[in-house]
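The values are calculated or read from the model by the stated rules, or taken from the named source; none is laboratory data. On a predicted model such as this, the values are computed, not experimentally measured, just so you know. As a convention, Cβ positions derive from the backbone with ideal geometry for all residues, glycine included, and neighbour counts pool all protein chains shown. Accessible surface areas use protein heavy atoms only, side chains included; no ligands, DNA or RNA. Shrake-Rupley method; radii C 1.70, N 1.55, O 1.52, S 1.80 Å.
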Amino acid sequence: QVQLEESGGGLVQAGGSLRLSCAASGRTLSRYSMGWFRQAPGKEREFVAASRWSGSRTSYADSVKGRFIISSDNAKSTVYLQMNSLKPEDTAVYYCAAGIGVDTRAREYDYWGQGTQVTVSS
C-alpha cells in the first residue's frame, strides 16, 4: 500500500507560481513512478507530469512543458510540482498518483491522493 497526500494548492494570479508537494508513505516506494494529474470542473482528469523517483525519466503534457517541473526528494519521500507562469486554464484540482511506469494514462496508476485545489485568477 502507498499513501499519498498533496499540499501547496491555493489562489494565485495569472503569471504567478506555486509549488505542490506530494508526501508519500508505504513500502517499496522506489519501485513506483509518480505522476501529477489535474481535473477541472466538468472535464476529465488529465495528465500533467510524471517521473521516476530517481528523476531518470520524466514526461510532461504539452500544455505545461517549459512551465512546470516535476522533481523528487527521496530522503523526504516527497514529489514536487513547480508551476510557473500560471494561466487561468491551469485552474483545477491537482492529484498525485503512484504507478509502476511513467505513463500518461490515469488508469495505469494504482494509488491516488485526495487532491489539492489550484485556482489561477486572470
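Any residue in segment 1-13 that's of a type in the set (Asp, Glu): show its pairings with residues that are part of a loop (DSSP other than H, G, I, E, B) at Cβ separation under 9 Å, as long as the two are six or more apart or on different chains.
Note: pairs meeting the criteria are Glu5/Gly113; Glu5/Gln114; Glu6/Gly113; Glu6/Gln114; Glu6/Gly115.
What pairs come out if I take residues in segment 98-122 that are farther than 15 Å from Val2 by Cα and open to solvent by 50 Å² or more (accessible area, probe 1.4 Å) and pair them with residues that are among the hydroxyl-bearing types (Ser, Thr, Tyr) and assigned to a strand (DSSP E or B) whose C-beta lies under 9 Å away, six or more apart or interchain?
Thr104/Ser59; Gln117/Tyr94
I need the full set of residues from segment 87-122 which are in contact with a Ser or Thr (Cβ under 7 Å, 6 or more places away or on another chain), more than 21 Å from Ser72 (Cβ to Cβ) and part of a loop (DSSP other than H, G, I, E, B), in order please.
Scanning segment 87-122 gives a single hit, Thr91.
Looking only at residues in segment 59-79 that are among the polar types (S, T, N, Q) and open to solvent by less than 70 Å² (accessible area, probe 1.4 Å), which one is nearest to Ser7 (Cα to Cα)?
Looking at residues that are among the polar types (S, T, N, Q) and open to solvent by less than 70 Å² (accessible area, probe 1.4 Å), I get Thr78.
Name the residues in segment 24-57 that are over 16 Å from Val93 (Cβ atoms) and either part of a loop (DSSP other than H, G, I, E, B) or within 11 Å of the chain's Cα centre (by Cα) (or both), would you?
Selection gives Arg27, Thr28, Tyr32, Met34, Ala50, Ser51, Trp53, Ser54, Gly55, Ser56, Arg57.
Please indicate, with yes or no, whether at least one residue in segment 50-62 is modelled with pLDDT of 95 or more and among the acidic types (Asp, Glu).
yes
Any chance you could count how many residues in segment 79-100 are modelled with pLDDT under 95 and over 18 Å from Glu46 (Cβ atoms)?
Final tally of qualifying residues: 1.
Say whether the condition of being open to solvent by less than 90 Å² (accessible area, probe 1.4 Å), farther than 18 Å from Ser21 by Cβ, in contact (Cβ under 8 Å) with a residue 40 or more places away in the chain and touching a helix residue (DSSP H, G or I) at 6+ places or on another chain (Cβ under 6 Å) is met by at least one residue in segment 80-87.
No, segment 80-87 has no match at all.
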